[in-house]
Every structure is written in C-alpha cells, then in structure tokens.
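The values are calculated or read from the model by the stated rules, or taken from the named source; none is laboratory data. Keep in mind it's a predicted model, so treat the numbers as computed, not measured. Glycine also receives a Cβ, built like all others from the backbone with ideal geometry; neighbour counts cover every protein chain displayed. Note: accessible area is taken over every heavy atom of the protein model, side chains too, but ligands, DNA and RNA are not part of it. Shrake-Rupley method; radii C 1.70, N 1.55, O 1.52, S 1.80 Å.
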Amino acid sequence: MQKNGKKFFITTPIYYVNDVPHIGHAYTTIAADVVSRYKKLEGYEVFFLTGTDEHGQKVHQAAKDLGLDAQVHVDKLNTRFKELWVRFNICNDDFIRTTEERHKVIVLDILKRLFDKGEIYKASYEGWYCTPDERFWTEKDLVNGNCPECGRKVEKITETNYFFKMGQYQDWLIEHIKNNENFIQPASRKNEVLGFLSKPLEDLCISRPKDRMPWGIPLPFDDDYVTYVWFDALINYISTLGTLDKIKASGFWPADHHLVGKDILTTHAVYWSTMLKSMGLPLAKNLFAHGWWTVNGQKMSKSLFNVVEPNHLIDQFGVDTIRYFLMREVPFGLDGDFSHKALIGRRNSDLANNLGNLLNRTTNMIQKYFEGTIPAPATSGEEDEPLLSKAQETVTRVRTLYNDLAYNKILTEIWELVDATNQYIVKTGPWNLAKSDEGKERLKTVMHHCAESLRTLAILLYPFMPESAAAMNQQLGIDTPIEEQGMESVEKWGGVKPGSKIQASSQLFPRIEDKEADKILQGTQVSGEPAKPQAAEKKQDEVSSEQVTIEDFMKIDLRTGKILEAEKVKKSKKLIKLKVDIGSETRQVLAGIAEAYEPDQLIGRTIILVANLKPAKLMGIESQGMILAGSADGKIILGGFDQELPLGVRVR
Ligand code: ME8
C-alpha cells in the first residue's frame with residue numbers, strides 16, 4: 001500500500017478516573033478507532049490519542065471515598081481504561097495521563113507563558129459553583145437556580161482566584177465558527193455553541209485554592225493554588241506532542257478531529273479554542289460532538305448503577321458485534337438507547353444472516369465446486385455488471401461519508417453491497433450452473449466475483465470490525481493483511497487472486513438462538529445491568545480471573561444477623577425459612593441448607609446476610625436476603641465469626 005505522505009491526528013476526550021469505564025466511553029473511543037484504521041488504509045500517517053483525566057475534584061473525591069491516596073487511586077483506575085481498550089482492539093498511538101510528568105511540564109510552561117503575557121490575572125470572584133461539573137456559573141447562566149449543564153444544585157462561592165482572559169476572544173471565536181463551516185459538527189451543535197456565545201463571555205477561572213481542592217498541578221506563579229482541571233486536561237491534546245516547538249514541527253497539529261460527547265462541547269469549543277488562540281496555535285480542524293447513550297431508556301452515568309459493563313458485553317457477544325452495533329445503531333451526533341434486544345437483533349439479522357451467510361455460502365460453494373480454489377473468471381454474464389458497479393459505488397460513497405463521520409450511513413452502504421452480492425448469488429444460481437459444462441465455465445466467474453466482493457467487504461469492514469475482517473481475509477486464502485492492501489486495492493475490481501485456497505473455518509457470527517437470547521434478556525430486564533457471563537457460571541469453583549473493583553464490592557451490603565427462628569419449608573428438601581435479626585429490622589430469609597442443618601441447630605447463630613439483595617420468591621415465599629455459606633464435597637457450612645459481633649454490623 002502506498003503511503004500518501006499526509007498526517008492525520010484524532011483524539012477522544014481523556015476520561016475521568018473517578019470510576020471504571022462504561023459503554024459511553026467505549027463509544028467515543030471505538031468511533032475514533034474506526035476513523036484511525038480507515039485513514040491508515042488510505043495511506044495516512046495517523047496519530048490517535050486517548051487517555052485519562054486524573055486531577056480535579058471528582059477524582060479527588062472518589063479517592064477520598066475509598067480511603068485511598070489520590071495518586072494510588074488514579075494509578076489503579078487508569079489501567080481499567082487501558083485494559084478495556086486492548087480488549088476492544090483500540091489501536092491508539094498514545095495514552096496520556098494528566099498526572100504524568102511529560103504532561104505536567106507542558107501545562108506549567110503554558111501557564112507561565114500566558115501569565116507572563118498578561119493573559120492571566122488574579123481577582124476576587126463571587127459565583128455559583130457546580131461541584132460535579134467543576135464549573136463556575138454566573139447568576140444569569142443558571143436555569144431555575146440550578147446548573148445549566150447538568151441541572152444539579154449549585155453553591156455560592158466567594159474566592160480569590162486566577163482568571164484567563166477568555167472574554168476578549170468572544171467576537172473572534174464567533175467569526176471563526178461562522179467562517180469554518182465544519183469546525184463544529186453536527187450543525188445543530190454548532191448553533192448551540194453560537195447560542196452560548198450570544199451572551200457575554202466571561203473570563204475563565206483557572207485556579208482552585210489548594211485548601212479547598214489540593215489535587216491538581218500547582219500554579220507555577222502561586223503555590224497556594226492548583227490548576228483548574230479543565231485548563232489542565234485540555235492541554236493533553238498538545239502535551240502529547242511535546243513543547244510548543246515540537247508541536248509545530250510534528251506536523252500533527254492542528255488535530256483533524258476532536259471527538260467528544262455533547263456534554264463537553266462547550267468546554268472544547270470555547271475554553272480550548274480561546275486557550276489555543278492565546279497560545280498562538282491554530283484551532284483543531286473539527287470538533288464532532290456525538291450524542292448520548294441511555295441504557296434501556298435510563299440515563300447512563302458512572303454515578304448510576306445501570307451502567308452497561310463493557311467487559312461483560314464483550315464476554316457475551318464478542319468485540320466486533322459490540323463495535324458494529326454502536327456504530328450502526330444510531331447516527332453519530334444523535335442520542336441512542338442501548339438495548340440488549342436491539343443488539344441481539346443486529347447480530348442475528350445483519351451479522352449472522354446477511355454477512356455471515358454470504359461468507360459461508362461462498363466459501364462452501366468454492367469448496368464444493370472448485371475443491372476450495374478460487375477460480376479465475378471465465379465467461380461473463382449480464383448479472384455481473386450491476387454487482388461490479390455497486391461495489392465501485394460503495395467504495396466511492398464510503399470514502400465521502402467518512403468526511404462527515406457518518407458511521408451508520410457507511411455501514412448501511414456496506415450492507416447494500418452485502419445484499420447485492422447475496423442477490424447476485426440468487427440470480428446466477430450457482431447450483432444450476434454446476435449441472436452443465438457450459439454452466440461450470442460461467443460458475444467460475446460467479447464464484448470469483450463473490451470472492452472479490454467478500455474481499456472488498458473485508459477491507460471496507462476492517463475499520464469497524466478488525467478481527468472479523470481479518471478472519472474473512474484469511475478464509476478467502478489471502479496472505480496479504482488488510483492493513484497492507486489498503487483502500488487503493490478496492491479502487492479496482494479483481495484483486496482476489498485466482499488459485500488462492502479457501503480456509504474453511506467456523507461461523508464468524510453464530511446466531512444467538514431464542515433460548516440464549518431469552519436468558520440474556522432476562523438478566524438485563526430489571527436494572528439494565530448485563531447478565532453474568534456464562535463463563536463465570538461454569539467456573540464456580542475456580543478463583544475468578546475477573547477482577548472487581550472495591551467500588552463494585554462495596555455495592556454489596558453484608559451485615560451481621562442473628563437467627564431468631566428456623567423452620568423447614570413444606571414440600572422442599574433443601575429450604576429452611578429463617579427469621580433473622582439484623583439490628584435495625586428482622587428479615588425473613590430462605591436458605592438452601594436443610595440437608596446440612598436441623599432448624600434447632602440454627603437458632604441463636606450469628607450469620608452474615610446479604611442485606612441489599614433484591615427480594616425473590618422461592619416456592620411462593622419471599623426471601624429478603626441471602627446468608628453466606630461455603631460448601632465442600634456437597635457439605636454446606638455457614639459463614640460466621642470467631643467472636644461475637646453486635647447485630648447489623650457491616651461486614652467488609
Ligand atoms: O468529561 N453516551 O470525562 P468523562 C455517550 N474528563 N458518550 C458518553 C456517555 C454516554 N452516556 N458517557 C460518557 C470528561 N461518554 C473529561 C473530559 S477532555 C479534555 C476531558 C463519553 O469521563 C463522551 O465522549 O466524564 C463524553 O464526552 C465523555 O465520555 C465524558 O467522559
């Protein structure tokens with residue numbers, strides 16, 4: 001593949017490490033990965049940056065809640081992001097952490113330069129502060145007295161702080177946005193930013209007094225303050241490249257795309273743009289603000305428990321099904337709802353039925369009619385031309401659609417080629433052609449075209465589903481990896497080599513059968529949380545290789561309790577009904593321990609109760625918790641303590 005000598009720089013937000021990553025973070029990162037991979041196929045030298053935002057109040061608070069030193073906390077949590085990106089096959093070229101020295105020195109250098117230039121000044125300030133968003137608002141910004149961004153309560157704060165002279169750039173910024181049509185996409189978001197800029201633009205408070213919030217980069221000109229987390233974080237997009245001289249020399253700045261969620265568009269469009277202007281650097285070419293995912297209709301956020309845990313989803317569905325679903329289901333820029341039902345639907349119809357089937361039937365027929373060797377085309381027919389021109393049309397359209405990051409339209413186009421190829425098979429009827437010598441000549445062409453269409457599809461799909469595309473390439477017996485074939489190889493039809501040997505393999509996208517689908521859906525119905533992966537169930541007796549965070553563990557409320565009453569449940573061999581005192585209340589609990597304990601043995605025992613387990617009915621009787629026990633060789637033994645503890649004590 002020819003390199004085109006051009007550079008391309010794309011970024012995701014750097015994510016807060018106040019909690020573990022969720023599917024919303026994966027969404028932006030996968031979207032950036034798709035474009036990176038595509039641009040590489042086009043011959044660009046790509047630089048794809050992601051990372052973690054490790055300073056500020058949110059992160060400080062999260063560490064405090066866990067009783068951890070902030071640095072220890074961020075060192076631990078950033079790996080959760082890194083590991084997830086490996087699982088999702090994210091090909092980022094750098095992962096920047098704002099607590100790294102290489103980032104801090106650049107932030108300090110920029111602050112010093114701007115201070116020396118008179119772009120930063122000290123003043124006393126009274127304003128409304130939204131702690132979760134870490135932003136100051138003026139009275140007029142508030143909506144019904146609350147934060148205009150997140151709707152939460154704000155508190156009045158009077159403080160002396162340092163300010164960046166952001167307001168002076170208002171008119172210039174409005175002009176820039178108006179003159180550069182693609183600077184902010186989608187257009188609706190651009191209008192929102194212009195709306196925001198129609199009110200007077202205040203200067204930006206860029207410091208926090210250390211005695212209120214110590215977790216940040218100390219200001220180089222006043223040790224009593226740390227840098228405001230956004231001023232620090234936004235600089236990641238250039239600190240990755242080094243000093244100002246290096247940034248200019250790198251050829252990667254200005255960035256081609258900053259991908260962000262709509263929640264952080266203003267900070268990028270307004271804070272970051274004015275910061276760059278004051279530093280004398282050009283603005284990024286494009287800010288794309290995508291929409292917001294909800295889960296089963298509910299708002300997803302790290303502080304809510306209805307988060308879709310991406311590792312569980314990967315265990316259940318595989319990486320490429322999730323990458324495909326996220327990019328296909330919702331137009332980039334609009335909000336979407338993540339539902340397991342829709343995910344299963346996409347997997348079964350688009351991936352298993354359409355694409356998977358096309359691959360299977362093609363490789364099977366080449367196996368059957370040509371002993372697994374891709375034939376050279378022989379006699380042409382009138383059905384060929386529509387397929388060939390469809391493929392060329394698809395390549396052209398896909399290339400254009402990447403300019404607008406129209407992922408779902410790109411995939412729709414690609415699936416039109418999948419459909420056209422399936423129809424080509426129906427129209428040409430290989431099974432009939434195979435019946436005569438003349439037909440067999442024609443069959444060579446038909447099978448060649450099907451293989452070529454699949455090769456083209458593999459290349460077009462590679463940015464979205466790299467693993468599956470590589471598997472398709474391999475099944476077609478092609479030795480050259482997709483990365484080396486590049487987009488130029490699909491500009492012309494016929495790249496698949498006659499004589500290549502088909503590598504038969506298992507189905508790429510097995511259907512999720514109804515029974516399995518029901519099981520998955522049942523596990524996600526109530527809270528929107530994913531079902532436990534089956535692999536974990538099978539390995540009950542092994543130490544789980546899946547790690548949970550301390551936060552996950554702390555969601556389980558374990559309490560000491562005393563068994564007051566115990567009686568066997570009629571018609572059940574295993575169940576005993578218990579009355580358990582946990583200090584603040586008495587619970588009715590069913591335990592499957594009747595084969596191990598007589599009711600009388602249990603009364604007066606101190607046990608450990610899972611106190612926040614959702615009540616469930618067993619044999620028509622409600623159980624309001626679960627008591628902990630272990631078992632070996634089929635013998636059940638209740639958990640307990642070697643000394644008495646008061647009732648209702650939290651067990652950790
Ligand atoms: O804002 N739907 O970090 P953050 C879609 N550190 N995307 C979502 C999402 C959802 N429900 N939830 C999160 C920060 N995202 C700052 C950024 S950049 C210099 C500093 C994605 O951890 C989306 O990209 O809160 C959103 O903008 C980002 O995660 C916010 O991540």
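Leaving out ligands and nucleic acids, note down the accessible area per residue over the chain with a 1.4 angstrom probe, in whole Å².
Result: 45 Å² per residue.
What is the Cα centroid distance between region 1-43 and region 79-131, reported in whole angstrom?
19
With +1 assigned to the C-beta of every Lys and Arg and -1 to the C-beta of every Asp and Glu, and no other charges, what is the dipole magnitude of the chain about the Cα centre in debye, to the nearest 20?
820
Can you sort Glu385, Glu149, Glu551 by 1.4 Å-probe accessible area, starting with the largest?
Glu385, Glu149, Glu551
Each residue of region 335-343 in turn: what ³J(HN,Hα) in whole Hz from Karplus with 6.51, -1.76, 1.60 and θ = phi - 60°, glycine and Pro shown as x?
6, x, 10, 8, 10, 5, 5, 5, 5
Of the heavy-atom accessible surface of region 219-272 (probe 1.4 angstrom), what whole percent is carbon and sulfur?
Of the solvent-accessible surface of region 219-272, carbon and sulfur hold 46 percent.
Where the only charges are on Cβ atoms (+1 Lys, Arg; -1 Asp, Glu), what is the dipole of region 288-368 about its Cα centre, to the nearest 20 debye?
About 240 debye.
Counting only DSSP beta bridges with both residues in the chain, tell me the antiparallel percent, nearest 5.
70
Which Cys residues of the chain have no other Cys beta carbon under 4.7 Å away?
Cys91, Cys150, Cys205, Cys450
From the residues Gly297, Gln392, Ile177, which one has its Cα farthest along the dipole of the chain in the positive direction, the dipole being from +1 and -1 charges on Cβ of Lys/Arg and Asp/Glu about the Cα centre?
The listed residue farthest towards the positive side: Gly297.
So, with a 1.4 angstrom probe, what is the percent of accessible area on region 297-443 that is carbon and sulfur?
Here it works out to 51 percent.
When the helix-only estimate is applied to the chain (DSSP H runs of n ≥ 4, each -39,500 (n - 2.57), divided by the residue count), what is the mean residue ellipticity at 222 nm, nearest 500 deg cm²/dmol?
-12000 deg cm²/dmol
Which far-off residues, 5 or more places away or on another chain, put their amide H under 5 Å from the one on Leu618, with H placed in the peptide plane?
Ser623
Along the charge dipole of the chain, which of Leu578, Ile90, Leu283 sits closest to the positive end, that is, farthest toward it, with unit charges on the beta carbon of Lys, Arg, Asp and Glu (+1, +1, -1, -1)?
Sorting the options by dipole projection puts first Leu578.
For Lys435, Lys277, give me the order by solvent-accessible area with a 1.4 Å probe, most accessible first, ignoring ligands, DNA and RNA.
Lys435, Lys277
Percent of Cα-Cα pairs per 20 Å bin, from 0 to the last occupied bin, for the chain, please list those.
Spelled out bin by bin, the chain gives 16, 40, 30, 13, 0 percent.
What does the charge dipole of region 1-129 about its Cα centre add up to, to the nearest 20 debye, if the Cβ of each Lys and Arg holds +1 and the Cβ of each Asp and Glu holds -1? Before the final figure, lay out the partial values.
Numbers: 19 positive and 18 negative charges, 84 e Å.
Approximately 400 debye in magnitude.
Picking from Pro510, Ile206, Asn146, whose Cα lies most toward the positive end of the charge dipole for the chain (charges on Cβ: Lys, Arg +1; Asp, Glu -1)?
Result: Pro510.
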